[in-house]
Amino acid sequence: MAIRLLIADDHGVIRAGLRALLNGVSEIEVVGEAGDGFEVLEKTGELNPDIILMDLSMPGMDGIETTRQLRQRKPDIKVLILTVHEDESLLKEAIRSGASGYIVKRAAESELLNALRAIQGGDMYVHPALMRFFVKDISPPTTTRPAQVKLDVLTQREIVVLKLLARGYTNRQIADELGISPRTVEGHRANLSAKLGRSSRVELVNYAEENGLLDFSK
C-alpha cells in the first residue's frame, strides 16, 4: 500500500517540485498540499495522510507548533520536517514536538525517500549531518559511557553496516543496499553490539560519530 503523503510548505514552487518528484515514486501517493499550519490541520482531517512532509517556516503557525497540535489530535500521525535550517535547537524542538524525522532541503532525493520509508516503518530519521546534535542530547552521561573500542576489532562488512545504521537506514534498507538478507543484517548488528559493548542504535550511532563514520567521504 502506498504511503499517503501531505506536503506542507508556504512556497507553491517548492510544493509543486516535491509533488512532481514524489509522484514518480510508486510507493508514494501525494494526497494533498497545504500552505500554512492551519491548512495542514484542516487537510489532515479531510485527507487522513500517513505522513506530513512539513516545512518549519510557515506563516500564521509554524511547523513545530503545527506538529505539536497534530500529535495532540492524531497521536499516530507521522511528521517529517523538511527545512533549510541546520540548527541544533530547532532539531531538538521539532523532535520534542512529536516529529518523527528531520531532514534538510539540500538532501539528495534518495535520502528523502529513505527518510519517508524509515518513518513509515516506525523508525525515526535524522539527517546524517545533524545526527551529532541528536546523539549528544540523548546519549548516556560520560560517566557511564562504555570504554572506547578501536575500529580494528570490526570486519569491513560490520563497518559498512555501522555506517548505514548511523545514516538512518533500517535493517531492510541495509539488506537491500548490500544484497544480503535482513537476518544477516541482524547478525551483523548483534556482532557490533557484542564487540563494542553498545546495544542500542543511539549508542552505535554515537560510536560511529566518535570514529568519523558519519563522514560520507569515508
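The values are calculated or read from the model by the stated rules, or taken from the named source; none is laboratory data. Here the structure is a predicted model, which means the values were calculated and not measured. Neighbour counts run over all protein chains shown; Cβ positions are idealised from the backbone, glycine included.
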Output the residue which, of all residues in the range 18-45 that are part of a helix (DSSP H, G or I) and in contact with a helix residue (DSSP H, G or I) (Cβ under 7 Å, 6 or more places away or on another chain), is surrounded by the fewest Cβ atoms within 10 Å (Cβ to Cβ). 21
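Of the residues 44, 67, 83, only one is in contact with an Asp or Glu (Cβ under 8 Å, 6 or more places away or on another chain), of a type in the set (Val, Ile, Thr) and either under 18 Å from residue 102 (Cβ atoms) or without any contact (Cβ under 8 Å) to a residue 60 or more places away in the chain (or both); which?
Criteria check complete, one pass: 83.
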Mind listing whichever residues of the range 145-163 are among the polar types (S, T, N, Q) and modelled with pLDDT of 85 or more? 155, 156
Take the residues of the range 192-201 that are out of contact with any Pro (no Cβ under 9 Å at 6 or more places or on another chain) and modelled with pLDDT under 80: which is farthest from residue 130 (Cα to Cα)? 199
All-but-one check, residue 205 against (1) at pLDDT 85 or above; (2) among the hydrophobic types (A, V, I, L, M, F, W, C); (3) in a helix (DSSP H, G or I), failing number (1)
Quick check, is residue 52 under 30 Å from residue 162 (Cβ atoms) and in a strand (DSSP E or B)? no
